[in-house]
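The values are calculated or read from the model by the stated rules, or taken from the named source; none is laboratory data. As the structure is a computational prediction, the values presented were derived from the model and not from experiment. Note that each Cβ is placed from the backbone with ideal geometry, even for glycine, and that neighbours are counted across all protein chains shown.
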């Protein structure tokens, strides 16, 4: 893939300039290319000035403090590094914040300029054609222990593409849209481009480095190059998301025991079940439906949990007088918001031991 983490600022800026040089070679007198180049150059200069000032300022005495430039992504639009507020002298912190705000503004300017890239690329691109058999799309949304990032994989099964601009538009459940622009000088045949999209971090009262949306519904992907161009609409919410969650949960398992009724001096222990999560490190917010059955008799309840950790045992106790028979089996089903995937299992109860 073409994704690399923890890249140096200079390397990323060099990639941006290289992209613009490639465009200028295509059409050196194109006014839009010249404007885009100037905008990016100005933003780059401002951004690097801010970083130099940040590095020169006295830092709060906190070993956990990290500054712009320590963790940068490799794709356009992700030019702001991680930032964690220090706990030391307010004057020092304020000076850092002033420069950081300028750096954020420079990144905003740079990102806005780079969103013009697809418009320029379209002018020198091949005519749009069918992607069937040439481009394969796969998207995986962050879920459970598979987080914290969303991932897009585009596989080029056709010819090698040169000066390839890729516009990816993600649409969330609320209708919010995020556009990310990627540029590949060369996209070899039978190779994949990996895009990492993240939910961002809170810095100075705003979210930065946010390159995805909440609950991705669909992706609209446009690829421009002189050799080939196409548009792809990829619906994620539904079958594709269900398939991904099923894959994440393929090792999911539970261990359970029936809790019989026990009369007590102060209070009674009601019938129920004790169920322990195994197989995966944890599962997110879920609903658990438990049905106690014996012959034709059946009684069920459901419980909601915010999360469930591996090795954690949860109690599913029925209300007083709610379950009047000892079951010979217990069916339980685990379901999750925004997906049709469900995990189902049956616990057989040994009536002799009551377990």
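Points worth noting:
- Test for residue 168: is it under 24 Å from residue 119 (Cα atoms), assigned by TED's automatic domain parsing to the domain that holds residue 121 and free of Cβ contacts under 8 Å to residues at least 60 places away in the same chain: yes
- Residue match in region 197-212 (condition: outside the structural domain of residue 342 (by TED's automatic domain parsing), in contact with a helix residue (DSSP H, G or I) (Cβ under 9 Å, 6 or more places away or on another chain) and under 30 Å from residue 129 (Cβ atoms)): no
- Listed by position, the strands (runs of 3 or more DSSP E) inside region 201-287 whose residues that are without any contact (Cβ under 8 Å) to a residue 12 or more places away in the chain and within 17 Å of the chain's Cα centre (by Cα) number at least 1 are 201-203, 206-208.
- Residue that is over 30 Å from residue 250 (Cα atoms) and either at pLDDT 90 or above or touching a strand residue (DSSP E or B) at 6+ places or on another chain (Cβ under 9 Å) (or both), where the choices are 152, 87, 167: 167
- The residues of region 170-183 that are at pLDDT 90 or above, crowded, with 16+ Cβ neighbours inside 10 Å and either over 16 Å from the mean Cα position of the chain (by Cα) or farther than 11 Å from residue 197 by Cβ (or both), listed by number, are 171, 172.
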